[in-house]
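The values are calculated or read from the model by the stated rules, or taken from the named source; none is laboratory data. Given the structure is predicted, the values throughout are model-derived calculations rather than measurements. So basically every Cβ, Gly included, is an ideal-geometry build from the backbone, and we count neighbours across all protein chains shown.
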Amino acid sequence: MAIAAKAANLPSAAARRGFGQVEVWVFDLDNTLYPASCDLFSQVDQRMSAYIAKSLGVPREHARHLQKAYYRQFGTTLAGLMKVHKLPPGPFLEYVHDIDLSVVPELPDLAAAIEALPGRRLIFTNGSRRHAENVARKLGVLHLFEDICDIAALEFIPKPEREAFDRMLKLHAVTSARAAMFEDMPHNLEPASSLGMTTVLVHSDYIDHPAQLKVREWRELPEHVHYMTRDLTEFLKTETGLKTG
C-alpha cells in the first residue's frame, strides 16, 4: 500500500495492517521514543563493559566481547550474564542506567502527537522501569503513558522472545490484534507481527545488531514490518490516523 511505501521509501511487499483498529499503542524506549542521534545508548554500552569487567574479573576487551556475544545470543547482555554467570539483575541495571540525560531533549511535538493517539499507551522495554521513567520524563512524555512494562515485569525474559510479548499482553490486558508496536530493532517486530500487531520500525543509522545491518539490503518491507519511518513524530502526526487495513 502507498502509505507503507511512503513511510519507508521502499516498495510495499504486501497488504499492510492499518491503524483503524488500534486501541493500544506500544512503544519501545531506547532509540525509538528518543532519537538515536542522542547517542544515549553509547553511555549504557560503555557502562555495561565496565560492569562486566569488574564483576567477572576479566580485562575490558574480554568483557566487551562477552557483552556483545550475550546480546546477540540471548536478546540482552543481562540475560546472558544471568544465565551463564548467575549475576543478579538489580545491581547491573542500576549501574548501567546511571547515565547523563542532558543529551535527551524535550520534544513537545512528539508529546502532542502521542497525546492525540486514541486509546491506551504503553512503554515496552528491555531496560528498567527507572530508566524508562527518567528518559520519558526528560522527553516530556511520561505522563502520557498508562504504564511501563520493563524487563523486571517480564521476569527478565527479553524481547524478541515470544514469551516476553505474551507476558506483556497478559499483564496489561492487551488484545494483540488491536495493538500497534513501535520499535527500532527489526527482529523485535517479528513476534509482534505474528501475534497480529501492526508494526512500525523506527529506523536510523545507528547500528548495534546484525539485524539492523540487514535493513540496508531491503528492497521492500519484509512481512513482519508493516511500516518504516525515520521520524516518529511526523509518522504519528500524518500516518496513524489513516485507516489502511
- Query: Does residue 92 qualify as being touching a Gly at 6+ places or on another chain (Cβ under 8 Å), in contact (Cβ under 8 Å) with a residue 40 or more places away in the chain and among the aromatic types (Phe, Trp, Tyr)?
  - Reply: no
- Query: modelled with pLDDT of 95 or more and in contact with an Asp or Glu (Cβ under 7 Å, 6 or more places away or on another chain) - does that describe any residue in region 228-241?
  - Reply: yes
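Only one residue in 147, 109, 45, 100 is within 17 Å of the chain's Cα centre (by Cα) and either under 16 Å from residue 33 (Cα atoms) or surrounded by fewer than 15 Cβ atoms within 10 Å (Cβ to Cβ) (or both). Which one? Lay out the reasoning, then the answer.
Values: 109 fails: within 17 Å of the chain's Cα centre (by Cα); 45 fails: either under 16 Å from residue 33 (Cα atoms) or surrounded by fewer than 15 Cβ atoms within 10 Å (Cβ to Cβ) (or both); 100 fails: within 17 Å of the chain's Cα centre (by Cα).
Criteria check complete, one pass: 147.
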- residue 40 being on the phi < 0 side of the Ramachandran plot and at pLDDT 95 or above: no
- Determine the pairs where a residue that is touching a residue at least 60 places away in the same chain (Cβ under 8 Å) and assigned to a helix (DSSP H, G or I), located within region 125-153, has a partner that is of a type in the set (Gly, Ala, Ser) and crowded, with 17+ Cβ neighbours inside 10 Å with Cβ atoms under 9 Å apart, the partner being 6 or more residues away or on another chain. 135/127; 139/111
- Query: Which of the residues that make up region 186-202 are within 22 Å of residue 71 (Cα to Cα) and either surrounded by 23 or more Cβ atoms within 10 Å (Cβ to Cβ) or acidic (Asp, Glu) (or both)?
  - Reply: 188, 189, 190, 192, 201
- Message: Under 7 Å between Cβ atoms, which residue pairs at least 6 apart in sequence (or on different chains) link something in region 181-197 that is under 17 Å from residue 119 (Cβ atoms) with a partner that is of a type in the set (S, T, N, Q)?
- Response: 181/199; 182/32; 192/199; 196/176; 197/176
- Message: So the check is Cβ under 8 Å with 6+ separation or different chains; which pairs have a first residue in region 69-86 that's within 25 Å of residue 186 (Cβ to Cβ) and a second one that's among the basic types (Lys, Arg)?
- Response: 74/83; 75/159; 77/68
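Is it fair to say residue 29 is under 29 Å from residue 173 (Cα atoms) and either among the small types (Gly, Ala, Ser) or within 21 Å of the chain's Cα centre (by Cα) (or both)? Write out each step before concluding.
Working: under 29 Å from residue 173 (Cα atoms): yes; either among the small types (Gly, Ala, Ser) or within 21 Å of the chain's Cα centre (by Cα) (or both): yes.
Against the criterion (under 29 Å from residue 173 (Cα atoms) and either among the small types (Gly, Ala, Ser) or within 21 Å of the chain's Cα centre (by Cα) (or both)), residue 29 qualifies.
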